[in-house]
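Take a look at the structure below.
The values are calculated or read from the model by the stated rules, or taken from the named source; none is laboratory data. Here the structure is a predicted model, which is why all the values come from computation and not from measurement. FYI the Cβ positions are ideal-geometry reconstructions off the backbone, even for glycines, and counts take in every protein chain you see. These accessible areas exclude ligands, DNA and RNA; they are computed on the full protein's heavy atoms, side chains included. Shrake-Rupley method; radii C 1.70, N 1.55, O 1.52, S 1.80 Å.
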Amino acid sequence: MGEPGTTKFQTDLRRHLRQRGVERNLIRIICEISEASKYIINSIRTGDLGVAGTSNLYGEEQLALDVLSDRILQKRLKNSGVCASMVSEENNDIIRFECGGGDCYSVAYDPLDGSSLVDVNLAVGTIISIYKGDNVLLRGREQVAAMYILYGPRTTLVYSTGDGVHEFGMNQLMEYTLVQENVTIDGVGGIYSPGGQRNLYTSGTEKYVLSLEESGHKLRYSGGFVPDINQILMKGRGIFMYPHLKGRPQGKLRLLYELNPMAFLVEQAGGAASNGLMPILDIEPDGIEMCAPVFIGCCEDVATAEKFIAEESV
Ligand code: AHG
Ligand code: MN
Ligand code: MN
């Protein structure tokens, strides 16, 4: 704490981005998204919890909150003047915008991940993937930034522009101020988050999970990808999986706006993210709706998953 009577200086998000030398139009995009999150928070706290009466390109029923959160983000990106194209979990096509002078960016996002958890008051989040230029249908390795906002007991924002992973907390003025820099995943053990139905796990994944339990990993699974990944990042260890399932070889999670941004952040924190055979970030997307199995977290646990899958060849 500083001297009595003085308030500790707080680095806000824009200042931090400037200090890290981030390109000014990328700063604009990231700050526009952080502003949009304040309206998303408001819609979560007070909005309609019902269904929107529509479904997304996965045939999943959309909630009013999904559609509202998507509209909030889309409007911000369109008005930013530096977003050339976007893809959202809640839209069927790539949407293109007029882009002013200077560097332009493209964004793939999940406006409200875990939205079905809001009515049971569990934590949810917004997931963002950012590319330079006017194309998002690229390998995750090409991302220039990734971030998420976690709407939990505290609202936090985690971002990386390829120079470490940094966490911000929302203060009473709804400003994001720096909590910690260079978050790292360097521990072993801890927790495991097994998504999907265990009875549909292949033998390789089943043997892997048994090995995690034998090595003392504790099960922690909220059903929300953002809080489940955030827990691994902030504790610095653990593994999340939503594996290939019998009858569902590509698992459930979406490559462009769930797996790629989280894989970028976890690799930046010193962890790993794999589809069981190769790094998530090296997967060539064949369409905006592409899904992939995922094992993401500490390097050792991801390598062990790949070993079991290779041994069982499933
Ligand atoms: P979304 O709410 O954006 O559709 O995503 C939900 C995802 C993700 O948050 C979570 O990891 C996964 O669904 C949970 O799936 P199951 O309910 O099948 O476990
Ligand atoms: Mn999602
Ligand atoms: Mn969603």
**Complete:** Among Gly169, Gly114, the single one that is among the small types (Gly, Ala, Ser), within 16 Å of ligand 1 (Cβ to nearest atom) and modelled with pLDDT of 95 or more is Gly114
**Request:** Check Tyr257, Tyr242 and return the single one that is within 14 Å of ligand 1 (Cβ to nearest atom), of a type in the set (Ser, Thr, Tyr) and farther than 13 Å from Arg139 by Cα.
**Result:** Tyr242
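Between Met241, Met174, which is outside any helix (DSSP H, G or I) and crowded, with 23+ Cβ neighbours inside 10 Å? Lay out the reasoning, then the answer.
Details: Met174 fails: crowded, with 23+ Cβ neighbours inside 10 Å.
Residue meeting the stated conditions: Met241.
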**Request:** Those residues that are touching a helix residue (DSSP H, G or I) at 6+ places or on another chain (Cβ under 7 Å), under 18 Å from Met262 (Cα atoms) and either more than 16 Å from ligand 1 (Cβ to nearest atom) or assigned to a loop (DSSP other than H, G, I, E, B) (or both), I need them from the range 87-106; list them, please.
**Result:** Glu89
**Request:** State all residues of the range 179-194 that are part of a strand (DSSP E or B) and crowded, with 17+ Cβ neighbours inside 10 Å; if no residue qualifies, say none.
**Result:** Val179, Ile191, Tyr192, Ser193, Pro194
**Fill in**
Scanning the range 117-135 for residues that are touching a residue at least 60 places away in the same chain (Cβ under 8 Å) and out of contact with any strand residue (DSSP E or B) (no Cβ under 7 Å at 6 or more places or on another chain), the one farthest from ligand 2 (Cβ to nearest atom) turns out to be Asp119
**Prompt:** Out of (1) crowded, with 17+ Cβ neighbours inside 10 Å; (2) more than 16 Å from ligand 2 (Cβ to nearest atom); (3) closer than 23 Å to Thr304 by Cα, the odd one out for Leu210 is which?
**Reply:** (1)
**Request:** For the range 80-96, name all the residues that are of a type outside the set (Val, Ile, Thr), under 21 Å from Glu142 (Cα atoms) and open to solvent by 20 Å² or more (accessible area, probe 1.4 Å).
**Result:** Asp93, Arg96
**Request:** List the number of the failed condition for Gly102; all other conditions in (1) of a type in the set (Gly, Ala, Ser); (2) open to solvent by 20 Å² or more (accessible area, probe 1.4 Å); (3) within 13 Å of ligand 2 (Cβ to nearest atom) hold.
**Result:** (3)
**Request:** Of the conditions (1) over 20 Å from Leu256 (Cα atoms); (2) within 15 Å of ligand 2 (Cβ to nearest atom), Arg45 clears all except one; give me its number.
**Result:** (2)
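Taking into account only those residues within the range 117-141 that are open to solvent by 70 Å² or more (accessible area, probe 1.4 Å) and not in a strand (DSSP E or B), which is farthest from ligand 1 (Cβ to nearest atom)?
Asp134
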**Top-ranked residue in the range 32-54 [being modelled with pLDDT of 95 or more and among the small types (Gly, Ala, Ser); ranked as surrounded by the fewest Cβ atoms within 10 Å (Cβ to Cβ)]** = Ala36
**Asked** Is one or more of the residues making up the range 72-79 open to solvent by less than 20 Å² (accessible area, probe 1.4 Å), within 16 Å of ligand 1 (Cβ to nearest atom), under 14 Å from Ile128 (Cβ atoms) and not assigned by TED's automatic domain parsing to the domain that holds Cys291?
**Response** yes
